[in-house]
Structure formats: C-alpha cells, structure tokens
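Notes follow once the structure below has been shown.
Just so it is clear, none of the values below were taken in a lab; they were calculated from the coordinates. Fair warning: this is a prediction, and the values are worked out from it, not measured in the lab. Quick reminder, even Gly has a Cβ in these numbers, built from the backbone with ideal geometry, and neighbours come from all protein chains shown.
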Amino acid sequence: MAILVTGGAGYIGSHLCLELLNAGYEVVVVDNNSTSSSDALKRVQEITRKSVTVYTVDLGKKEDLLDVFSNHTISSVIHLAGYKSVSESSSIPLTYYANNIMSTLILCEVMQMFNVKSLVFSSSATVYAPTEKNEPISESHPLGAINPYGHTKQVIEEILRYLFYSDPSWSICMLRYFNPVGAHDSGQIGENPKGIPNNLVPYITNVAAGLLPALSIYGNDYPTRDGTGIRDYIHVVDLAQGHISALKKVETTTGINAYNLGTGKGYSVLEMVRSFQNVSGREIPYIIAPRRKGDIAVSFADVTKAKEELGWEAKRGIDAMCMDAWRWQRANPSNSALV
Ligand code: WQD
C-alpha cells in the first residue's frame, strides 16, 4: 500500500517524502515541476537510500491521475500540490483559483473512484481573518482570507467539509501551516525559490551569501514589541513530521479536522535577523521600508489541538531554523536570487 504525495518534489514535499521513507512508507509522487525540480527527490533517495516512484504529471489531467491510481494500490493521499505565493496570487487570481481548486476536485474525484478516502490536505494560516490582537490563533478563529492564495485554501477546506457531510466514510485532516522555514540538516534539500525570494528567511540567507545587498524590513510601525511583523516560524522537518502524525489519524479514523502546524511562539522580523546573525556569524544589513501590501501585524498559532489530537508538537527552535537554512544556502550557492 502506497502513500500518494502530490507536489512531492517541492520544498515541503521533498522534506515530507524523506520523513515518509524513513518511517517505512512506500511513496508515490505526482508533481508537474512547475515550481520544483526533480533534483530534490533524487537527493532524498540518496539520503534515505530508498526509492520513490515519481510521475511528472499535472493534477489537472484526470487521465494521468487515473493511470497512477491504476498502477499502484494507494492507501492515503497527502495533497500539497498548488500555487502558493501570496503576492503572485493577487496579480493572477484566476490562475490560482483554477489551478488550486480544480486540481483538488479532480484528485478527490479519482480518489472516490478508487475508494481511497483518507486525505491530508495542505492548508494555510492565511485562511484566518487578520487580527491585531497579540494572541495565539486557534482553529476556531474566524476564517477570512485576505488574498486569493489564502482564499483558495479556504474554499478547498469548505469543499472538503461538504464532501465529508455527503459521505462520512471520508477521513480528512486539513493542516494550516504557519511559516515553514529551514532545511534538512544534511544541507542537501531546502527552499529554492526562483528569482528574488518573497519570503523573509530565504531573503536573509541570500543577503548573508552576498547574493543580495541588504534586507528591506517591511514596516517597523506595527503594534508589536519592536514594531516589526510577528510570525510563527516552524522548521520544515517539524512540519513534515506533523503530516505523518496526521496521516496516522486519517488511516485509523473517519471525520474531518483542521489543525494548526506552528510552534506556538511568535518572532519579529528583527528577532529573526538577530538570531540568524548569531548562528551564522554573518551581519545582515537592512533598511526599514514601507509596509508590504497585504501583510498582517501578528500571526502565531495556538498549537493545543494538534498536540492533544495528533500527539505532535514542533521540537526545533529559531536558532536551528536559521542554522539549517544557512547550511542549505552555503551548500547550494546556485540558490541565487538572480537566477
Ligand atoms: C514574514 C515577515 C514580512 C520579506 C508566508 C507565506 C504564505 C503562508 C504564510 C503557508 C512579514 C517580513 C518578509 C522581506 C520583510 N505560508 N518580510 N522583508 O508573509 O507571513 O507568508 O507564510 O501557507 O504562503 O508566504 O511570510 O516570509 O513573506 O514574511 O520584512 O524581504 O517578514 O513583512 O512580517 P508571510 P514572509
């Protein structure tokens, strides 16, 4: 029985496949390599000395997905594939709605045809309505995405809820990621955004590597302890292990649940810069720039539910996140911002 991972060649997907292989699962990946490359899974197989079956197909092509389910006995699906840039989604919203929602509908249709009804879905903390309160966000916080990317995740969560209401034999876990960062400690796989990074940590590692001159800190006038934005950064290996805890749940129970995957701690931009400088020994020059459109002040997770119901909690702190991100950057100088 195999686990199908959609988007398994990506940053989070490759870390998830590594953990699944190490946990003894048979892994099948479908990925169209639109935002990833086959290198990552080659390295995962070298690190684990185990093999992954990879189909370079687009989830939008139902006939390709039918072939995958015909060729393998799939027990559960972990669905990561989708476009994921908050800023890009605001400029091409229809592309995001078409890609993220249609691919999920096709996947669920094919799963239903093969009577595969255990699903772990990659959702996001961006489904939550913004808050100015400096309090942890629980799964019962009101939903209210403020960008098309987050809204695709919110819509898909609603679709999955109605799918479950229509057929309670489904078992679905929807994982709301906070801010995934860092890399496997081998330095062989990690985040490799094409072009100039949008996200904070890969931008910092590019500055540390001399690929970019300085970090722009988007706003220091937020209502936070030092004026800069606060986020819940979670090590990508902890995130991957959270998926395995959710997989065990969907393989043993029916129902539908959402879980925050975060550390429960919020760190400001300046605190992340200081942590990175301390662990890397590299100075990170920065300027204070205007706030970025769509940014919220504070976002960090209440992680009680995942701990109580999945038996999972994040173990790695921001120093490990910064050290592992830096090791990946140094081991892969081609992670150039100017590709
Ligand atoms: C973090 C903080 C910025 C870059 C991400 C993903 C999104 C979702 C949630 C999964 C903010 C500041 C950033 C820079 C900066 N993940 N910043 N200078 O916006 O929280 O969203 O996590 O679904 O997909 O995009 O993450 O890393 O872009 O920003 O000052 O050059 O760093 O203002 O306070 P964000 P981020």
Q) So which of TYR222, TYR259, TYR233 ends up being among the hydroxyl-bearing types (Ser, Thr, Tyr), surrounded by 21 or more Cβ atoms within 10 Å (Cβ to Cβ) and within 13 Å of the ligand (Cβ to nearest atom)? A) TYR233
**Q.** Selected residue (criterion: nearest to ASP324 (Cα to Cα)) from residues of region 237-258 that are touching a helix residue (DSSP H, G or I) at 6+ places or on another chain (Cβ under 9 Å) and β-branched (Val, Ile, Thr)
**A.** VAL237
**Q.** Candidate set: region 71-100, residues that are of a type in the set (Gly, Ala, Ser) and without any contact (Cβ under 8 Å) to a residue 12 or more places away in the chain; chosen: the one farthest from GLU157 (Cα to Cα)
**A.** SER91
Q | Filter result (buried (at least 17 other Cβ atoms within 10 Å of the Cβ), touching a Gly at 6+ places or on another chain (Cβ under 9 Å) and on the phi < 0 side of the Ramachandran plot) within region 68-100 | A | ILE78, HIS79, LEU80, ALA81, LYS84, VAL86, SER89, TYR96, ASN99, ASN100
Q | From the options LYS248, LYS293, LYS265, residue that is more than 13 Å from the ligand (Cβ to nearest atom) and farther than 21 Å from ILE78 by Cβ | A | LYS265
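If you scan region 1-46, which residues turn out to be of a type in the set (D, E, K, R) and within 22 Å of ASP58 (Cβ to Cβ)?
ASP31, ASP39, LYS42
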Q. If you go through region 190-210, how many residues are out of contact with any Lys or Arg (no Cβ under 7 Å at 6 or more places or on another chain), of a type in the set (A, V, I, L, M) and not in a loop (DSSP other than H, G, I, E, B)?
A. 4
(Q) Can you tell me how many residues within region 145-189 are assigned to a loop (DSSP other than H, G, I, E, B), farther than 19 Å from ASP232 by Cα and small (Gly, Ala, Ser)? (A) 3
Q: Just one of (1) crowded, with 18+ Cβ neighbours inside 10 Å; (2) of a type in the set (A, V, I, L, M); (3) within 30 Å of LYS42 (Cα to Cα) trips up ALA145, so point out which.
A: (3)
Q) Considering only region 149-181, how many residues are surrounded by fewer than 21 Cβ atoms within 10 Å (Cβ to Cβ) and within 12 Å of the ligand (Cβ to nearest atom)? A) 1
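Return yes or no: is TYR128 among the aromatic types (Phe, Trp, Tyr) and over 19 Å from PRO180 (Cβ atoms)? So that I can check it myself, show each step before the final result.
Values: among the aromatic types (Phe, Trp, Tyr): yes; over 19 Å from PRO180 (Cβ atoms): no.
Considered against the rule, which asks whether it is among the aromatic types (Phe, Trp, Tyr) and over 19 Å from PRO180 (Cβ atoms), TYR128 comes out as no.
Matching residues to (1) closer than 21 Å to GLN241 by Cα; (2) in a helix (DSSP H, G or I); (3) without any contact (Cβ under 8 Å) to a residue 12 or more places away in the chain:
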{"site": "CYS17", "(1), (2), (3)": "yes, yes, no"}
{"site": "LEU21", "(1), (2), (3)": "yes, yes, no"}
{"site": "GLY24", "(1), (2), (3)": "yes, no, yes"}
{"site": "VAL27", "(1), (2), (3)": "yes, no, no"}
{"site": "LYS50", "(1), (2), (3)": "yes, no, no"}
{"site": "LEU59", "(1), (2), (3)": "no, no, no"}
{"site": "LEU65", "(1), (2), (3)": "no, yes, no"}
Q: Name the residue, out of THR205, THR224, THR228, that is among the β-branched types (Val, Ile, Thr) and either without any contact (Cβ under 8 Å) to a residue 24 or more places away in the chain or within 18 Å of MET321 (Cα to Cα) (or both).
A: THR205
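Condition first: within 16 Å of the ligand (Cβ to nearest atom), under 21 Å from HIS184 (Cα atoms), surrounded by 15 or more Cβ atoms within 10 Å (Cβ to Cβ) and of a type in the set (Ser, Thr, Tyr). Can you find one or more residues in region 116-123 that meet it? Can you show your working first?
First, pick out the residues of region 116-123 that are within 16 Å of the ligand (Cβ to nearest atom): 120-123.
Subsequent filtering for residues that are under 21 Å from HIS184 (Cα atoms) retains 122.
Narrowing further to those that are surrounded by 15 or more Cβ atoms within 10 Å (Cβ to Cβ): 122.
Retained after the next criterion (residues that are of a type in the set (Ser, Thr, Tyr)): 122.
Within region 116-123 (the criterion being within 16 Å of the ligand (Cβ to nearest atom), under 21 Å from HIS184 (Cα atoms), surrounded by 15 or more Cβ atoms within 10 Å (Cβ to Cβ) and of a type in the set (Ser, Thr, Tyr)), the answer is yes, since at least one residue qualifies.
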